[in-house]
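Asks: Here you go, one structure.
The values are calculated or read from the model by the stated rules, or taken from the named source; none is laboratory data. If you're wondering where the values come from, they're calculated on a predicted model, not measured in any experiment. No Cβ is skipped: glycine too gets one built from the backbone with ideal geometry, and neighbour counts run over all protein chains shown.
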Amino acid sequence: MKSTSDTRYPMKPLEDLYNDIDVIIQRIDTFRNEPLFNDEKKRRQHRVVPDYLTDDELLKTFAHLIAYSQNANSELVEKVLATSKFDEAFKHFKIRDVIKLNPCDIADEYWSAIKGIRQQAKLFHIVSLARIIQRMGGFSSIIADIKIPKRINTIEDIEAFWKGFNELQALLTSKKIPFFQSTTSLLHFLMEIGYDCIKPDLIVMQVAKRLQIVDDEMGDRNLRSTVKVIQNYSVNRKIRPGVVDLYFLIDGGQMGAKKLIKTGIYKD
């Protein structure tokens, strides 16, 4: 794999890494808890980048991802979002209403119902994000103009992805968009709306280190290198990165993913 200047070569030959990932996938497939596993795999496999997202839709997507951030327990967050309380707390993400909210009032009224998101500071970040979007005069046009391939089918697409990613990240940094200036959070957002990448969170990075994709779970260069290896694997094996991300989360023991597999997989 050729590497751009801001990524690191993997520590093992790519074909060896591909074989190691194959082994993970084959093992997990023997423990699939159906139909839950297949439903989630299909959801990830068939994500399509929408032609257009309104600012309200973007705020909702951002807010839900913020809820999962900072090592919150994914299973608890999933349960919170499955109720109406989180969306209700933020007026169902109507920006004109969210900008008027006081995060302290949200905490007073809703925290007992949404505390699974782990940190009350997230309430401030969501309201702040709504206010920034409003001051900008909207954010949807920026997302619509992303210069990132909607699907990755070739090595050239991967290079185009990272060129567009760097431009978008620089723009979000210049606009002081909270949370989504970071590589992990921005990749999570792009994956969630259908782009071919993964979220390199701590669990994914622990698996990457064990496979010797990188030598450390931390650091922006390691995050990018891990994502790029998985994108290359996906092109080679004709599987979408978001699906590979699912297998990594299961292999790493993410709480929210454990329900997708039968008990016994982690015993040895």
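Asks: I want to confirm something. Restricting to the range 136-168 and keeping residues that are outside any loop (DSSP other than H, G, I, E, B) and farther than 27 Å from S234 by Cβ, which single residue is farthest from the chain's Cα centre (by Cα)?
Replies: M136
Asks: So, one more: Exactly one of (1) in contact (Cβ under 8 Å) with a residue 40 or more places away in the chain; (2) assigned by TED's automatic domain parsing to the domain that holds Y195 is unmet by D39. Its number?
Replies: So D39 meets the others, but not (1).
Asks: Restricted to the range 123-165, and to residues that are at pLDDT 95 or above and of a type in the set (S, T, N, Q), which residue is nearest to C104 (Cα to Cα)?
Replies: N153
Asks: Shifting gears a bit: Check off (1) aliphatic (A, V, I, L, M); (2) surrounded by fewer than 13 Cβ atoms within 10 Å (Cβ to Cβ); (3) not in a helix (DSSP H, G or I) for M11 and give me the number that stays unchecked.
Replies: Result: M11 fails condition (2) only.
Asks: If you don't mind, another one. For a quick check of your reading: which helices (runs of 4 or more DSSP H) sit entirely within the range 169-268 and have at least 2 residues that are basic (K, R) and touching a residue at least 40 places away in the same chain (Cβ under 8 Å)?
Replies: Fully inside the range 169-268 and qualifying: 220-237.
Asks: If you check A72 against the conditions, is it surrounded by 13 or more Cβ atoms within 10 Å (Cβ to Cβ) and either more than 19 Å from the chain's Cα centre (by Cα) or under 26 Å from Q254 (Cα atoms) (or both)?
Replies: When the stated conditions are applied, A72 passes them.
Asks: Now a separate question. For the structure I just gave you, tell me whether S69 is within 19 Å of I193 (Cα to Cα), at pLDDT below 95, out of contact with any Leu (no Cβ under 8 Å at 6 or more places or on another chain) and not assigned by TED's automatic domain parsing to the domain that holds L249. Steps first, answer last, please.
Replies: On the way: within 19 Å of I193 (Cα to Cα): yes; at pLDDT below 95: yes; out of contact with any Leu (no Cβ under 8 Å at 6 or more places or on another chain): yes; not assigned by TED's automatic domain parsing to the domain that holds L249: yes.
When the stated conditions are applied, S69 passes them.
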